[in-house]
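Have a look at the structure below before the remarks.
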Amino acid sequence: MLVLLLIIKVLLLLQLIWVLYNSTAFPKSINQRSAVVKPLSILIPARNEAVNIGNLLESLIPQQDYIKEILVLDDHSTDETAAVVHQFHHKLSNLKLYQGKKLPSGWTGKNYACHQLGNYAEGEWLLFLDADVTMEKNGLALLQPFLNQRYRMISAFPRQRVHTFLERMLVPFMIFLVICHLPIRQVTKTQDPKFTAAHGAFICIHRESYQLSGGHAANKSAIVDDMELMRLMKRSQFPVALLRGEDFASMRMYEKNRSVWLGFRKNVFTGTGSNMFLTLFICLIYAFMYVLPTVCFIFGLIIADKQIVLAAFFAYLIGAIIKIFIDFQAKTSWYTSFLYPIACSCFTILALDAIRIHKQREGYEWKGRRYYQ
């Protein structure tokens, strides 16, 4: 067991070194302020978002110098989404509300909503925002310099607001997975679609490039639409960038534990390209590196073996440093980082449940619709 723990500690130290290096790879703007303002078309697909969309629209009011138009598509909501949007017409003169068309066969709901918005938009740059996003005070101003660089698609990870248990365990795992496993420099430097990461809540894309690549229509059935859109842009030879988005925006993706589970379950397996071997390998690695030390620690306490207890504790501590560093940079509740063995266990169970859904062809449930892939 001591040899096993030594191997884990070495692997975790290598992981820590990689995380420290990889965290410096996110592109930075050349100029703090853009000389030329490029007003954005803000595109918001909304399905039953009455609770959230008001906060987003309110956050856009003081930033209208950077906005050409705000287009909201009400995707057959059964709540008061449209009524909330109407309340902002006198505050946002460039706000327009569209009623979504009937979902055609073969499309996912969000893809079709974004496709419709893209057709309505007139701006040079399109900023797709989820309705549960809230823009930071200078978010659009900070985004402007990146529009004057060579990129044609930009995606950013907003700061995550988390409250429930599963939110705290699983939501910060998105950026954890990216920084631990994806060579971030390769996202920007190469057109290889294997090096891809995006966050669908915040995607800014050059309209002409979006149209030439085929846009959302080219990936109409994709469940993980953000990743597929970036892969599409790469295949079309358009340069892309993955940014830290904590200074641009914040969001609360899911408000209930059930929503957290359903939301991540539809993404976690499809996010690996529905590659069962890769998904199971990731689960095995996480169980080995991040969960096993805690099991060994408890076992060492039971048998009163100080060597095992100390070795397991130091392995756990290295993992905690990795998680704390990533969560602190992401401006999330880093103090829950100490529970990372539980978070990794939740992620593993979630991934296995996603594989089960896929194998049994039950379809992934989301917002009253069911998707099969």
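The values are calculated or read from the model by the stated rules, or taken from the named source; none is laboratory data. Just so you know, these numbers come straight off a predicted model, no measurement behind them. Here the Cβ is made from the backbone with ideal geometry for all residues, glycine too, and neighbour counts use every protein chain on show.
A single entry from Thr279, Thr336 fulfils the requirement of being in contact with a Ser or Thr (Cβ under 7 Å, 6 or more places away or on another chain), part of a helix (DSSP H, G or I) and at pLDDT below 90: Thr279. Can you say whether Phe264 is touching a residue at least 60 places away in the same chain (Cβ under 8 Å) and either within 19 Å of Pro158 (Cβ to Cβ) or aliphatic (A, V, I, L, M) (or both), as far as the supplied structure shows? Against the criterion (touching a residue at least 60 places away in the same chain (Cβ under 8 Å) and either within 19 Å of Pro158 (Cβ to Cβ) or aliphatic (A, V, I, L, M) (or both)), Phe264 qualifies. Selection of the stretch 219-235 for residues being among the aliphatic types (A, V, I, L, M) and at pLDDT 95 or above yields Leu229, Met230, Leu232, Met233. Within the stretch 290-315, residues that are more than 14 Å from Val3 (Cβ to Cβ) reach partners that are among the β-branched types (Val, Ile, Thr) with beta carbons closer than 8 Å, at six or more positions or on different chains, in the pairs Val291/Thr348; Phe297/Ile308; Phe297/Val309; Phe299/Ile308; Gly300/Ile308; Gly300/Val309; Leu301/Val309.
Assess whether Leu92 counts as being without any contact (Cβ under 8 Å) to a residue 60 or more places away in the chain and either touching a Gly at 6+ places or on another chain (Cβ under 8 Å) or closer than 30 Å to Leu317 by Cα (or both). If you could, list the steps in order and put the result at the bottom.
Values: without any contact (Cβ under 8 Å) to a residue 60 or more places away in the chain: yes; either touching a Gly at 6+ places or on another chain (Cβ under 8 Å) or closer than 30 Å to Leu317 by Cα (or both): no.
Judged against the criteria, Leu92 is not a match.
For the stretch 321-329, the condition of being out of contact with any Cys (no Cβ under 7 Å at 6 or more places or on another chain), under 30 Å from Ala50 (Cα atoms) and assigned to a helix (DSSP H, G or I) holds for at least one residue. Within 19 Å of the chain's Cα centre (by Cα), more than 30 Å from Leu126 (Cβ to Cβ) and of a type in the set (Ser, Thr, Tyr): does that describe Thr279? In short, yes.
Assessment of the stretch 237-250 against the conditions (in a helix (DSSP H, G or I) and either among the acidic types (Asp, Glu) or surrounded by fewer than 22 Cβ atoms within 10 Å (Cβ to Cβ) (or both)) yields no matching residue.
Do the conditions hold for Phe238, that is, is it aromatic (Phe, Trp, Tyr) and either over 28 Å from Ile318 (Cβ atoms) or touching a residue at least 60 places away in the same chain (Cβ under 8 Å) (or both)? When the stated conditions are applied, Phe238 passes them.
For the stretch 67-77, check the following and say yes or no: at least one residue is over 29 Å from Arg152 (Cα atoms), under 26 Å from the mean Cα position of the chain (by Cα), in the same structural domain as Ala241 (by TED's automatic domain parsing) and polar (S, T, N, Q). Give the steps one after another, and end with the answer.
The initial filter retains those residues of the stretch 67-77 that are over 29 Å from Arg152 (Cα atoms), namely 76-77.
So of that shortlist, the ones also under 26 Å from the mean Cα position of the chain (by Cα) come out as 76-77.
With the extra rule that they be in the same structural domain as Ala241 (by TED's automatic domain parsing), the set shrinks to 76-77.
If we keep only those that are polar (S, T, N, Q) as well, we get 77.
Yes: one or more hits.
Considered as a group, the residues in the stretch 185-205 that are β-branched (Val, Ile, Thr) and touching a strand residue (DSSP E or B) at 6+ places or on another chain (Cβ under 6 Å) include one that is farthest from Asp226 (Cα to Cα), and that residue is Thr188. Among the conditions (1) under 30 Å from Gln144 (Cβ atoms); (2) outside the structural domain of Val133 (by TED's automatic domain parsing); (3) touching a residue at least 24 places away in the same chain (Cβ under 8 Å), the only one that Ile8 does not satisfy is (1). Restricting attention to the stretch 203-232, the residues that are over 22 Å from Phe146 (Cα atoms), not in a helix (DSSP H, G or I) and not basic (Lys, Arg) add up to 5.
Summed over the stretch 171-189, residues that are among the aliphatic types (A, V, I, L, M) and part of a loop (DSSP other than H, G, I, E, B) total 2. Just one residue in the set Phe328, Phe264 is surrounded by fewer than 18 Cβ atoms within 10 Å (Cβ to Cβ) and under 19 Å from the mean Cα position of the chain (by Cα); that residue is Phe328. Remark: pairs (first residue in the stretch 102-125, on the phi > 0 side of the Ramachandran plot; second residue surrounded by fewer than 20 Cβ atoms within 10 Å (Cβ to Cβ); Cβ separation under 9 Å; 6+ apart in sequence or on different chains) = Gly106/Lys220; Gly106/Ser221.
Apart from one condition, Leu280 fits all of (1) surrounded by 15 or more Cβ atoms within 10 Å (Cβ to Cβ); (2) touching a Phe, Trp or Tyr at 6+ places or on another chain (Cβ under 7 Å); (3) within 22 Å of Cys180 (Cβ to Cβ); the exception is (2).
Ser221 falls short on exactly one of the conditions (1) surrounded by 18 or more Cβ atoms within 10 Å (Cβ to Cβ); (2) of a type outside the set (A, V, I, L, M); (3) touching a residue at least 60 places away in the same chain (Cβ under 8 Å), and that condition is (1).
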